[in-house]
Amino acid sequence: MIKSPEIKVNPDVLKTLRESSGYTVEEIAKKIKTTVTKVQEAEKGVASFTLTQIKKLADIYHRSLAAFFTDTLPVMPALTDYRINRERRLTPQVYIAERRAYYIANKLAELTDKRSQIPDFPETLKPDELAREFKKLLKVVLLKAKKPEELLTYYKKVLEENLLISIIELPLKAEDVRGFSVSADISIVVLNEEDKPSIKLFSLFHEAYHLLKRTSGICSIEIEQKDGDIEASCNLFSAEFLVPLDDLKEEYRKCTQLDESTISELSEIYGVSKQVIMLRLLWLGYIHKERYEDFKKEGEKKIKGKQFGRRDWDKVFQNRVGNLVVREAANAYRSGKISYSEVMDILSLKAKYTEKFVER
């Protein structure tokens, strides 16, 4: 067997590629079937990887092979980490999603020569007041008795078309990351693909508030927070947009008793999770803190991880790319601005899916 030759790579580039992908030295040693010492020495410049190992690293890091043979790498802006437990490591998938988001933001700005139309509102508006004003600006009415997936699809379209922001879903593989936003010339919202539609819906407007405030960050969305920091304001904004208190009061008056079936019914009326409904009722003073805590504990016992049945891969890939990106890449291709191979690079899809989406 011919041994793959060792290739000299800038050690600083090697280390940066690993760290910017969220992997430890130990994890990479295991993945490319070498020792921790060998990885450490390669990143110090006293050892080298084989070409086969470098190709494997390119796949692991979701980087082009060319990235390993450059002297410097572009520095990506760091997103603020708004999670409660900031000491917990972010998954490699979150790092990959961040790079994807910034790539999309830059590509859309190049292709369209446009900018996101993020409106300005008075800073004096409270989050719930801003939610009501934002709804008026979007010219949408409260939609009720719709499935969360329908609401999510509808509001994605509204935000993309009115504000020119790209909304995508990616597999973040993180229990404590519901999504994140990138405030840029073309702003991006990334939702956790693995979440239920009702959670994605709440996350979508949580991130919309971040963009209205021109902030970017990684969010875990602890919805119990009501007062204080930017995350609490995002939660209140999202809750008021999706479950306006005045409307909830009217629905509550129709209830004969507040039991589990009533909570489920209210959840279905607004398309949000039961936890959001319980929290809104708590804030209204319709239930006591103890009841909310009991409800939360029972809900946590039932959580056994995310489950998927048979997946509609057309829909999965469409959500991963985002409607705005598909539309603008297709328009640029049809106008001769970019080649078909460039479309494939932008969409990051195989040929059969690229053709399917572009030719719609």
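The values are calculated or read from the model by the stated rules, or taken from the named source; none is laboratory data. Everything numeric here is computed off the predicted structure, so don't read it as measured data. Virtual Cβ from ideal backbone geometry, glycine too; neighbours counted across all protein chains shown. Accessible surface areas use protein heavy atoms only, side chains included; no ligands, DNA or RNA. Shrake-Rupley method; radii C 1.70, N 1.55, O 1.52, S 1.80 Å.
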For K315, list the lysines whose Cα falls under 17 Å from its own Cα; do not include residues on the same chain fewer than 8 positions away. K147, K156, K157, K196, K200, K350, K352, K356
Could you give the nm distance between label points at R89 and V316, where each point is 7 Å from its Cα heading toward the beta carbon? 2.5
Enter the accessible area per residue of segment 180-277 (Å², integer; probe 1.4 Å; all protein chains in place). 34
Out of all Cα-Cα pairs in segment 1-159, roughly what percent, to the nearest whole number, are more than 19 Å apart? 69
Express the accessible area of segment 75-144 per residue in Å², computed with a 1.4 Å probe while the remaining protein chains stay in the model. 61
Nearest 10, in degrees from 0 to 90: the angle of helix 323-334 to the longest Cα principal axis of the chain is 50
Please sort by residue number the trypsin sites (Lys or Arg not before Pro) in segment 73-163 whose DSSP state is loop and whose Cβ has at most 13 other Cβ atoms within 10 Å. R86, R89, K114, R115, K139, K144
Candidates A109, A29, A232, ranked by Gaussian network fluctuation over the chain, Cα under 10 Å, top entry: A29
Under a 10 Å cutoff between Cα atoms, tell me which one of V343, V25, V177 has the largest fluctuation in the Gaussian network model of the chain. V25
What FRET efficiency comes out for K55 versus K297 if R0 is 45 angstrom and r is the Cβ-Cβ distance? Round to the nearest 0.05. 0.40
Compute the distance in nm between two label points, each set 7 Å from the Cα along the Cα-to-Cβ direction, one at E359 and one at K33. 4.0
Which of D185, D120 is most accessible, then next, and so on - probe 1.4 Å: D120, D185
Take every DSSP beta bridge with both residues inside the chain and express the antiparallel ones as a percent of the total, to the nearest 5. 55
Between K135 and S64, how many nm apart are label points set 7 Å from Cα along the C-beta direction? 4.6
Tell me, what % of the accessible area of the chain is carbon and sulfur with a 1.4 angstrom probe? 50
Rounded to the nearest whole Å², what accessible area per residue is found for segment 9-49 with the 1.4 Å probe? 50
Rounded to the nearest whole number, the Stokes-Einstein translational diffusion coefficient of segment 98-157 at 37 °C and 0.692 mPa s (Kirkwood radius, C-alpha pairs) in µm²/s is 226
In deg cm²/dmol, rounded to 500, what helix-only [θ] at 222 nm does the chain give when every DSSP H run of at least 4 residues adds -39500 (n - 2.57) and the total is split over its residues? -16500 deg cm²/dmol
With all protein chains in place and a 1.4 Å probe, I84 shows an accessible area in Å² (nearest 10) of 100
Quick one: length gained pulling K147 to D246 fully straight, 0.36 nm per residue minus the C-alpha distance? 33.5 nm
Need the full-extension length gain, K196 to N106, defined as separation in residues times 0.36 nm minus the C-alpha distance. One decimal, nm. 29.5 nm
Grab the beta carbon distance between K350 and S261, set R0 = 56 Å, and tell me the FRET efficiency rounded to 0.05. 0.75
With a Förster distance of 45 angstrom and the Cβ-Cβ distance between K157 and V75, calculated FRET efficiency to the nearest 0.05 equals 0.85
